[in-house]
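The next block holds one structure in the form of structure tokens; read it before the comments.
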Amino acid sequence: MSEPPLNGLRVLETASGIAGPYAGRLLAMLGATVAKIEPAGGDPARRQPVDDQPLQGTSPLYQHLNAGKQNVAEVDPAWAHVVIDDRVGAQFDTTYDDYRDGRAKYVSVTAWGVDAPRSGGIADELLVQAQSGFIGFNRDPGAAPLRLPGWPAQYMAGAAAAVGAMSLLRTEARHLEISWLAAFLGSVELAYADALHCERPREPVGPHPPSAFPSGAIPCADGFVTPGSIRAVDWEMQCLFYGRPDLVDNADYASRQGRVAHIEELWDIIRPWYADRTKREIFQYALDTPWAVGMVLTPTDALDDPHLTERAFLQPVQTPDGPIRAIGSVWRGPGLPVPAQSVAATAADPSPSRPAPPLDLEPLDGLKLIEMTVAWAGPYVGNLLSPLGVDVVKLEAQNPFDGWRALRPYDHGMRPGQEDLVADNRWFEASGLFNALNRGKRSCILSLAGPEGRQVFLDMVANADGIVCNFSAHVMPSLGLDWDSLAAVNPGLVVIRMPAFGVDGPYAGAAGYGSIGEAMGGIGHRQGYDHEGARISNIYYPDPVAGVHAATALLAGLHRRDLTGQGGEFDLSHQEATWSLHGDALVLADVEGRDVGRLANREPGVAVSGVWATADDRWVALVGPTECAGAAEASSTLTAAELIGAVIAAGGGAVEVLDPWTAPAVEPVRSMLETVDHPVTGPVRHVASPYLVDGVRPVSTGPAPTFDQHTDEVLAELAGYGADRLSDLRRDGIIGGEMPTPASLGYRF
């Protein structure tokens with residue numbers, strides 16, 4: 001078996017809780033040697049409940065986060081290549097100075113940044129989500145704002161910190177900082193792109209978003225399923241299964257917009273159909289047809305799921321409490337999963353002391369990445385890496401182009417005063433969603449339908465460092481672009497393939513997107529108000545989750561390439577990446593044989609927590625000891641400011657719940673945005689890079705590219721083509737092209 005990608009990399013983890021340890025866990029999964037130093041009294045994750053039930057032994061959260069690490073009492077500062085820490089400036093001491101001034105790079109992961117008065121504890125998740133603005137939008141009409149379950153802000157900060165650590169090693173910079181808030185903002189950019197681009201709010205959509213109905217978590221005979229209804233083929237398949245083929249061509253139902261006016265009638269049709277079938281019966285349709293549909297898997301379901309079992313997603317892990325099953329690796333690829341992972345006892349000897357050997361890595365700003373991606377998950381990779389200096393080429397075809405160019409949240413989705421863009425192809429350059437995700441990239445338009453286009457692509461690959469592809473599992477092989485063909489051209493290439501369910505396994509052929517990923521990846525079962533059995537959000541959260549884990553694999557593969565000369569192909573499943581943010585629930589299911597409980601807005605292990613309405617028609621999120629109960633109970637008689645003050649005075653924490661339309665106007669969100677001038681839309685604010693590098697936030701190198709903007713430039717540079725060759729390829733329709741008008745493609749306004 002080959003060595004894992006990060007073999008030889010040394011990481012010192014002085015962080016505790018979730019975010020920093022998750023960064024260390026991901027790096028350990030990829031083969032790094034991670035030495036963990038716990039604070040006095042131990043990592044608080046050891047004692048962290050995961051729901052309302054009391055712990056039995058060590059917390060499943062700690063076991064999930066700390067497999068594969070050494071646990072040591074001290075480390076010579078010269079031992080590590082990189083340090084992952086969670087202290088704020090007021091806590092820095094001579095130990096920090098030793099690492100900052102030495103060879104090791106320093107990554108800070110805190111709730112609000114190193115300049116904040118405190119670093120944040122696990123229970124601050126609710127406060128960060130509230131400040132982000134997301135949960136003010138994620139709710140039922142008239143009901144309390146609803147958080148995402150578990151600790152997604154901390155997990156996303158940890159995953160982004162792993163990306164940041166590997167990026168930092170390729171620069172002259174010494175210190176990289178990421179906050180939970182900044183990481184979470186980037187992962188809910190869908191809501192922010194809507195708000196910042198269109199500049200108008202929209203109403204909460206509830207558990208079954210009407211714009212993609214049938215949608216959400218729908219009850220079936222033994223649980224819940226989530227039907228996909230975004231593509232035309234999804235609706236066509238459903239009509240056949242429901243026994244209503246007449247609806248396929250019915251003008252009132254054929255389009256997503258048309259179905260909005262007939263939701264109650266559709267409920268009467270579909271409820272009995274779902275109620276008569278089990279979730280696996282319904283999911284079988286996804287395996288047999290093009291319909292995208294997902295089961296809401298519980299953690300106990302996942303333990304015995306045939307797809308996850310065949311892909312060996314869960315591995316045996318030894319712990320001081322006994323053997324468990326836990327996630328072995330989020331990726332499949334060279335040297336993965338790393339064997340013999342275990343949860344170490346506290347302060348095991350010997351302590352690492354030998355100085356770290358130098359690493360000879362290519363500079364970050366010299367790397368060239370080809371994105372063969374659409375929508376959100378794949379483009380999120382370049383969205384993270386482009387501001388850090390990676391040259392990202394977005395590869396599209398004229399037909400089909402990236403559908404997010406046409407995705408609009410409100411009517412035709414134009415900013416006020418720009419409604420006339422719907423008359424021509426400028427409309428495709430003005431999507432707030434597309435433009436947010438593709439800033440700073442270069443556009444190259446290439447048809448891969450024939451052998452000449454395939455050869456053009458291989459000529460590009462010869463001078464690229466990496467490829468990210470989020471097409472279905474069969475697409476690359478069907479194009480003759482399997483790993484062997486690519487490696488023959490460039491043996492040092494790193495390829496990340498990221499279908500919804502991975503490259504192989506029983507579900508590999510099934511279609512999937514974010515809502516289905518929530519169902520199949522542990523979010524749907526855990527999410528919702530107390531009265532709900534399951535819930536799917538309207539944010540497609542597994543997309544950025546998959547994107548940040550794909551970026552991690554890319555940089556790990558390039559690390560291996562730089563040290564060994566060998567590239568490789570990595571397989572990332574959206575489903576498995578999403579489960580990794582809920583690995584504690586899998587450990588709990590294995591150890592106690594039960595599913596994790598739904599908590600709505602509560603923080604587990606906290607006496608008083610949740611979201612309360614105030615007398616001035618606002619919402620306040622609070623966490624605190626029992627002394628905060630009186631203030632919470634009196635919330636309806638207090639203003640938001642009064643409630644926040646009372647909770648803080650009682651020893652708790654509280655913030656006003658914002659939404660994507662109010663948060664950009666206030667700190668700390670305001671300073672986490674950047675303004676980018678686009679040639680069609682003009683200046684627009686976007687969520688900026690989540691990183692600070694040596695105290696400076698990287699900025700986008702430019703707006704999202706217009707269609708075909710850089711094709712000749714990219715092919716001249718990567719493929720070495722001259723003007724005559726480019727002219728011939730354009731004449732033959734192999735490269736370039738012009739977007740058609742929206743009306744000619746059937747868009748109506």
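Read the figures in this text as sums done on the coordinates, not as results from a lab. Predicted model, so just to flag it, every value in this text is computed and none were measured. A quick note on method: Cβ atoms are made from the backbone with ideal geometry, for glycine too, and the neighbour counts reach across all protein chains shown.
Using helices alone, what [θ] at 222 nm do you get for the chain, with -39,500 (n - 2.57) per DSSP H run of 4 or more residues, divided over all residues and rounded to the nearest 500?
Details: 27 runs with 232 residues, N = 749.
Helix contribution divided over all residues of the chain: -8500 deg cm²/dmol.
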Query raised in the report: Between ASP617 and ALA743, how many nm apart are label points set 7 Å from Cα along the C-beta direction?
Result: 4.1 nm
**Report entry** Footprinting exposure proxy for THR675, THR298 (fewest neighbouring C-beta atoms within 10 Å first)
**Finding:** THR675, THR298
Query raised in the report: What is the gain in length, in nm to one decimal, between ALA641 and ASP504 on full extension, counting 0.36 nm per residue of separation less the C-alpha to C-alpha distance?
Result: 44.0 nm
Report task. Can you find, among VAL50, GLY653, VAL293, the residue farthest towards the positive end of the dipole of the chain? Put +1 on the C-beta of Lys and Arg, -1 on that of Asp and Glu. Result -> VAL50
**Report entry** Partner lysines for LYS69 [C-alpha distance under 28 Å; skip if fewer than 8 residues away on the same chain]
**Finding:** LYS36, LYS105
Query raised in the report: Roughly what % antiparallel, to the nearest 5, for the DSSP beta bridges in the chain?
Result: 50 percent
Query raised in the report: Taking the Cα-to-Cβ direction at SER485 and at GLU717 and moving 7 Å from each Cα, how far apart do the two end points lie in nm?
Result: 2.6 nm
**Report entry** Reachable aspartates and glutamates from LYS368, criterion Cα separation under 15 angstrom, eight or more residues apart if same chain
**Finding:** ASP391, ASP459, ASP465, ASP562, GLU713, GLU717
Report task. With a point put 7 Å past each Cα toward its Cβ, work out how far THR675 is from ASP115 in nm, to one decimal. Result -> 1.9 nm
**Report entry** Order of LEU622, LEU673 - criterion: other Cβ atoms within 10 Å of each residue's Cβ, fewest first
**Finding:** LEU673, LEU622
Query raised in the report: Nearest 0.05, what FRET efficiency do ALA143 and ALA629 give at R0 = 22 Å with Cβ-Cβ as r?
Result: 0.50
**Report entry** Ascending count of other beta-carbon atoms within 10 Å, so fewest first, for LEU146, LEU6, LEU726
**Finding:** LEU726, LEU146, LEU6
Report task. Note the listed values (1) 27.9, 93; (2) 27.7, 98; (3) 24.9, 78, then indicate which one is Rg and Dmax of the Cα atoms in Å calculated from this particular structure. Result -> (3)
Query raised in the report: Is the shape of region 477-625 best called rounded, prolate or oblate, per the rule: a/c under 1.5 gives rounded, else a/b larger than b/c gives prolate, else oblate, with a ≥ b ≥ c the square roots of the Cα gyration tensor eigenvalues?
Result: prolate
